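Below you'll find the structure, written out as structure tokens, and then a few comments.
Every number here is computed from the coordinates shown, using simple stated rules; none is lab data. Keep in mind the model is a prediction, meaning the values are calculated, not measured. Glycine also receives a Cβ, built like all others from the backbone with ideal geometry; neighbour counts cover every protein chain displayed.
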Amino acid sequence: MTINDLFTDQTLIAKIQKRLPELFYLAELESSRAGKVGMEVGSMREKILIALLLYKFSEQNVETNLPIHEPETDVIVFGRSLSIKTMTGASFKSVKLIWTVDA
């Protein structure tokens with residue numbers, strides 16, 4: 001099993017396509033005040049995506065107990081560091097996963 005399974009498992013892809021927009025919308029609602037989305041929405045979305053990784057790959061393959069000051073590493077999957085970034089905008093919403101490497 002590899003992280004590429006996220007992009008090839010058709011059953012999981014269907015679940016993601018259905019549930020991820022709903023979960024991200026709830027994250028925006030939870031972090032909104034006076035009609036504005038707060039910065040904490042990024043952390044909430046990160047938790048949603050990490051939960052997805054835990055669901056798919058199990059706790060033994062996903063390391064989440066990382067120091068808060070760890071640069072560009074939000075989670076480690078199969079020993080590889082991942083940095084999770086999300087963006088909010090009126091016309092553009094996306095998820096960007098980056099594999100990070102130390103020199």
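What the table shows:
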| item | result |
| --- | --- |
| Pairwise label distance in nanometres, Thr88 with Asp9, each label 7 Å out on the Cα-Cβ vector | 2.9 |
| Label-point separation, Asn65 to Leu26 (7 Å along Cα→Cβ), nm | 2.7 |
| Length released on extending from Val37 to Leu54, taking residue separation times 0.36 nm less the Cα-Cα span | 3.5 nm |
| Packing-based exposure ordering (other Cβ within 10 Å, fewest first) of Phe78, Phe24 | Phe78, Phe24 |
| Helix 41-57 axis, angle to the chain major axis (alpha carbon atoms, nearest 10°) | 40 |
